[in-house]
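Okay, structure first, notes after.
The values are calculated or read from the model by the stated rules, or taken from the named source; none is laboratory data. Source: prediction; values computed, not measured. Cβ atoms come from the backbone with ideal geometry, glycine included; neighbour counts cover every protein chain shown. All accessible areas refer to the heavy atoms of the entire protein, side chains included, with ligands and DNA or RNA removed. Shrake-Rupley method; radii C 1.70, N 1.55, O 1.52, S 1.80 Å.
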Amino acid sequence: MLSELLNKKIAVIGLGYVGLPLAVEFGKKYCTVGFDINAERINELKQGIERTLEVEASELKAASKLFYSDDVKDIKNCDYYIVTVPTPIDEHKQPDLSPLIKASEFLGSVIGEHATVIYESTVYPGATEEVCVPILEEYSGLKLNQSFYVGYSPERINPGDKTHRLPNIKKITSGSTEKVAGNIDLLYNSIILAGTYKASSIKVAEAAKVIENTQRDINIALINELSIIFERLDIDTLEVLEAAGTKWNFLPFRPGLVGGHCIGVDPYYLTHKAEAVGYHPEMILAGRRVNDGMGSYIVSQLIKGMLIKGIQIKGSKVLLMGFTFKENCPDLRNTKVIDIYKELLEYNIDVYVYDPLCSCKEANDEYGITITKELKVQFYDAVTLAVAHNEFIEMGAEGIKSLCKDEHIIYDLKSILNKNDVDMRL
């Protein structure tokens, strides 16, 4: 059976944080086309330039059967089409399926007889069969499970994580028929060293994905709420968590901003579907409210700290260290540092954002933010350590204090520094 698979041709649609590592792994064994509508991205990859930092140059070279294209002709007659487009939320915190819909329309005009389309994008349970399949049928003129097939295998990429990578993260698989599910499972099992788990249905696989990050979101919301309570009780949250962590089954979550393309987004897909079937998910939405409100809370604490020290708020200079949604990663998607930035502007504060990893152009295009390229010594009234990049850790307390005026506030959101070296920490 595996020998038959080796003759299959695979197209990976979308070459971002999810699609590129997948295309590279398949490209080591199978004839694979990495397809993206972004011609600039394709040209960079052809030159071995990889801006997401998810794949090393040596790995790109090792994928000897992978080639990149933005030409639809190059993905005609493939056996498997794997969709890795983003699934964000809109300004009303509702699922934005437009990238998925456009990808399905596009593939409907491309797929041929007996092709299998596998979706990896996070969705609510039922979306693949209720939204994507009708589009594929309409645009292709083919019928599901007669002329083409679908599957769902949710991505589990953790941007910036060099330990938990695609080959050593167990993969959930599913398919529109029992036979197709088996073929899809075999396909992924050929590149995933950690193995696969074949779900009983596409809906089960979709639901499993969306609750993975919903569970994390709720746990972090609990710790964020505890942090707010402990601040009022004048108790150091980190010390409490370290003490509680001595019990074997205490979960090691930490307070902080919850952004990114998964944890801050996926719960809204589940709550949308829950409400569509008549259930109001109170706990999930409560967790979202807590986490979405952390930017405002952090700024209120910072302002209070500055006032206590007699620092003039209007016209003060505040440095935000870090703008990406997580440490050691250039990903700006749904970064919650923007909430802090916007809130500080409401106080007529001069806000400076420094992040050595993020794209200055992307920050400006997506958020209207100008990234500070050089840090100034003895210049800032307050510094907020928002992201735990290695560079900031290496600067240490003295390096960060050297940036501040004599009277200043250092607010450490990530517990990068020792408690005695900062004025406040979350």
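Within the range 367-426, being assigned to a strand (DSSP E or B), among the acidic types (D, E) and more than 21 Å from N224 (Cβ to Cβ) holds for D381, D406, E407.
Can you name the strands (runs of 3 or more DSSP E) wholly within the range 1-103 that have at least 1 residues being over 16 Å from I118 (Cα atoms)? Walk me through how you get there before you give the answer.
Working: elements: 9-13, 31-35, 66-69, 80-83.
Because the criterion is at least 1 residues that are over 16 Å from I118 (Cα atoms), the strands (runs of 3 or more DSSP E) in the range 1-103 that meet it are 31-35, 66-69.
When the test is whether a residue is among the aliphatic types (A, V, I, L, M) and farther than 19 Å from V265 by Cα, I89 does not pass it. Can you confirm whether I202 is in contact with an Asp or Glu (Cβ under 8 Å, 6 or more places away or on another chain) and β-branched (V, I, T)? It is true that I202 is in contact with an Asp or Glu (Cβ under 8 Å, 6 or more places away or on another chain) and β-branched (V, I, T). Would you check if K273 is among the basic types (K, R) and not in a loop (DSSP other than H, G, I, E, B)? For K273, the condition - among the basic types (K, R) and not in a loop (DSSP other than H, G, I, E, B) - is met.
Tell me which residues, restricted to the range 104-161, are among the acidic types (D, E) and either in a helix (DSSP H, G or I) or crowded, with 17+ Cβ neighbours inside 10 Å (or both). Answer for the range 104-161, where residues must be among the acidic types (D, E) and either in a helix (DSSP H, G or I) or crowded, with 17+ Cβ neighbours inside 10 Å (or both): E105, E120, E129, E130, E137, E138, E155.
For the condition under 17 Å from I416 (Cβ atoms) and touching a His at 6+ places or on another chain (Cβ under 9 Å), D355 qualifies. Residue pairs whose Cβ atoms lie under 7 Å apart, separated by 6 or more positions or on different chains, with the first residue in the range 364-383 and free of Cβ contacts under 8 Å to residues at least 24 places away in the same chain and the second open to solvent by 50 Å² or more (accessible area, probe 1.4 Å) and of a type in the set (S, T, Y), are N364/T370.
Scanning the range 330-382 for residues that are surrounded by fewer than 19 Cβ atoms within 10 Å (Cβ to Cβ) and charged (D, E, K, R) yields K342, E346, D350, K361, E362, D365, E366, K373, E374, K376. All of L226, L270, L257 fail the test of being open to solvent by 20 Å² or more (accessible area, probe 1.4 Å) and more than 28 Å from I157 (Cβ to Cβ), apart from L226.
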